[in-house]
Amino acid sequence: MRLTLIVWITCLPGLAEAACPPPPADFSLPPPRRVQVDLARELVQPWQAGGEVVLACRPDLWPQAGRRAIPPRDRKQEMSRRREAWALVRRFNLARNPGEVVPRSLPVTPAQEALLQRFAMSDAGAVWMREIVDDTLRMFNRGDLEARREVWSRAIRTGRMPHSTHC
């Protein structure tokens, strides 16, 4: 069974014309497999949430998800990336309603969800969420998660990428 991924990923800046955006110069796909994280090393880095998540076109005009290795401008932008990662993790990994069944989901109570959200905003939590987001990007690029065709077609036609909160 394929899951449906509403095209939630960050809008691509600078689209002037209706066209399928090529990958930016600093675009990279997530590593094919999860790699061991050295948490002590990661926590002394100036940022933990990972690079900006973006969509770009494959040669067949279908989306691929990756990151731009651009550090955040400031703490505010780092926190924005952490909130975005939390929103993605929450949407695809937590079952929040009694009886809700979502593949790959963890049933949580509101109190547990609030605790996870606070953790996601911490430095160690941001590293953990970054790894879950990379897992999600790998699944999307493999075809295990699927973009909604009508949303992606509209984005190519209009030249505007949808924002995650509007899908």
Practice task
List every residue whose amide H lies under 5 Å from the amide H of Leu145, counting only residues 5 or more places away in sequence or on a different chain, with H placed 1.01 Å from N in the peptide plane.
Solution key: Phe140
Fill in the blank from the handout: Other residues with Cβ under 12 Å from the Cβ of Asp26 give, with Lys and Arg +1 and Asp and Glu -1, a net charge of +1
Exercise for the section: Could you line up Asp144, Asp134, Asp60, Asp74 from fewest to most neighbouring Cβ atoms inside 10 Å? Expected result: Asp60, Asp74, Asp144, Asp134
Fill in the blank from the handout: Amide H proximity to Met121 below 5 Å, modelled H, separation 5+ or other chain, gives none
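Please arrange Thr109, Thr136 by how many other C-beta atoms lie within 10 Å of their C-beta, fewest to most. Don't jump to the answer; show the numbers that get you there.
Details: Thr109 10, Thr136 25.
Arranged by neighbour count, lowest to highest, Thr109, Thr136 become Thr109, Thr136.
FYI, it's all coordinate maths here, none of it is from the lab. In this text, all values refer to a predicted model and were calculated from it rather than measured experimentally. All Cβ positions, glycine included, derive from the backbone under ideal geometry; neighbour counts span all protein chains shown.
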